[in-house]
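So the structure is just underneath, and the comments pick up after that.
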Amino acid sequence: MNIAFIGGGNMAAALIAGLANKLTAGAHLHVVDPNAQALARLQQQYGVTTAAAADARVAAADAIVLAVKPQSMREVAAQLLPFIDTARKPLIVSIAAGIRGADLSRWLGGYGAIVRCMPNTPALIGKGITGMVAMPGVDAAQREAADAILRAVGPTVWLDDEGKIDAVTAVSGSGPAYVFYFIEAMQQAAEEMGLSAEQGRQLALATFTGAAQLAQQSSEPVALLRERVTSKGGTTYAALTSMEADGVKAAIIAAMRAAAARGKELGDELGAA
């Protein structure tokens, strides 16, 4: 498969790292970005071809991955439009947050073979997860191709309704920040109770990683796993009782609803023009 990347930033680099010489040869990956240093680094590491602007390699691609900032997408779509061969029907994969498929299609002159994706930053180490939705113009083979591209950095979750992308954004797209926030709090508490910064970091990270892996490998609900750690009247019970009294769970749910609402707002704002 020949794949062109419009944008050579962190997420594009993560995908290229997962794809190069695995799903396809590095020479079959083409990266377009005005940043000469980023292009040189990707070419050296993965053997990709590069260009500062869209070119014939983009026109010949089987799939075009749009990995640019959402605010730049309309301008990028206008630059890309002359290179989309509708007779060849290339797959368009958008990993830009907030850009709805209908708006991207409109900016691309009504082109409809578009898959919209919401990956997250653990993709940088091959541990991401991506929510995906296919527009009506995507055929079965293109859906499989899009899935293969995003599975290069972790599992995929397909949605039957683009409106659910905002929920994916709130859960997994923004989710790593919630995890980092909780780890920060654990480290701060550790230091306040007399442990060193490094000890707090080691304990917090290992605990979070181990608990997540235990939950992933267990067939039991996480609520049951939590209950098994929580002895009535014990230390964990004291901590969770304090969290419940402070409304921690309710606050987390409210925060995620706020993230989803903001995702919808961004879609409205970016697609208004």
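Derivation of every value follows stated rules applied to the coordinates shown; laboratory data play no part. Only a predicted model underlies this, so the values are computations on that prediction, with no experimental measurement involved. A quick note on method: Cβ atoms are made from the backbone with ideal geometry, for glycine too, and the neighbour counts reach across all protein chains shown.
Could you give me the ³J(HN,Hα) list for region 212-228, computed from phi with Karplus coefficients 6.51, -1.76, 1.60 and θ = phi - 60°, whole Hz, x at Gly and Pro?
Values, residue by residue: 5, 5, 4, 5, 5, 7, 8, 8, 8, x, 4, 4, 5, 4, 5, 4, 5 Hz.
Skipping prolines and chain starts, which residues have an amide H placed within reach, meaning under 5 Å, of the one on VAL93, given they are 5 or more residues away or on another chain?
ILE64, VAL65, LEU66, VAL115
Arranged from highest to lowest average of other beta-carbon atoms within 10 Å per residue, in what order do the peptides 211-224, 100-113 appear?
Descending mean neighbour count gives 100-113, 211-224.
What is the sum of charges, Lys and Arg at +1 and Asp and Glu at -1, for the other residues whose Cβ falls under 14 Å from the Cβ of ALA251?
So the environment of ALA251 carries a net charge of 0.
When ranked by the protection proxy of mean other Cβ atoms within 10 Å per residue, highest first, what sequence do the peptides 43-52, 63-72, 188-197 form?
The peptides rank, most packed first, as 63-72, 43-52, 188-197.
Name the lysines eligible as straight-distance cross-link partners of LYS264: C-alpha to C-alpha under 20 Å, and not fewer than 8 places from it in the same chain.
Within the straight-line cut-off, LYS264 pairs with LYS69, LYS164.
Could you size up the charge dipole of the chain around its Cα centre, putting +1 on the beta carbon of Lys and Arg and -1 on that of Asp and Glu, and report it in debye to the nearest 20?
Around 320 debye, computed over the chain.
Determine, for LEU15, LEU23, the number of other Cβ atoms within 10 Å of each Cβ, and report the residues in order from fewest to most.
By the 10 Å Cβ count, ascending, the order reads LEU23, LEU15.
For region 120-126, take each phi angle, set θ = phi - 60°, evaluate the Karplus expression 6.51 cos²θ - 1.76 cosθ + 1.60, and give the result in whole Hz per residue in order, putting x for glycine and proline.
9, 5, x, 4, 4, 10, x
Note down the net charge around ALA145, summing +1 for each Lys or Arg and -1 for each Asp or Glu among other residues with Cβ under 13 Å from its Cβ.
It works out to a net charge of -1.
So what are the ³J(HN,Hα) numbers for region 52-65, from phi and the Karplus equation (6.51, -1.76, 1.60; θ = phi - 60°), rounded to whole Hz, Gly and Pro as x?
Karplus-based 3J(HN,Hα) across region 52-65 equals 7, 8, 3, 8, 4, 5, 5, 4, 8, 6, 7, 9, 10, 9 Hz.
Per DSSP H run of n ≥ 4, the term is -39500 (n - 2.57); total these for the chain, divide by its residue number, and report the mean residue ellipticity at 222 nm rounded to 500 deg cm²/dmol.
-15000 deg cm²/dmol
Cross-link partners among lysines for LYS127, C-alpha distance below 20 Å, same-chain residues fewer than 8 apart left out?
LYS22
Pull up all non-local amide H partners of VAL31: gap of 5 or more, or a different chain, and H-to-H distance under 5 Å with H placed in the peptide plane.
PHE5, THR49, THR50, ALA51
Once you place label points 7 Å from the Cα toward the Cβ at GLN216 and MET243, how far apart are they in nm?
So the label points at GLN216 and MET243 sit 2.0 nm apart.
What residues from region 95-129 fall in the zone where the backbone N is under 12 Å from a label point 7 Å along the Cα-to-C-beta line of ARG226?
No residue passes the distance filter.
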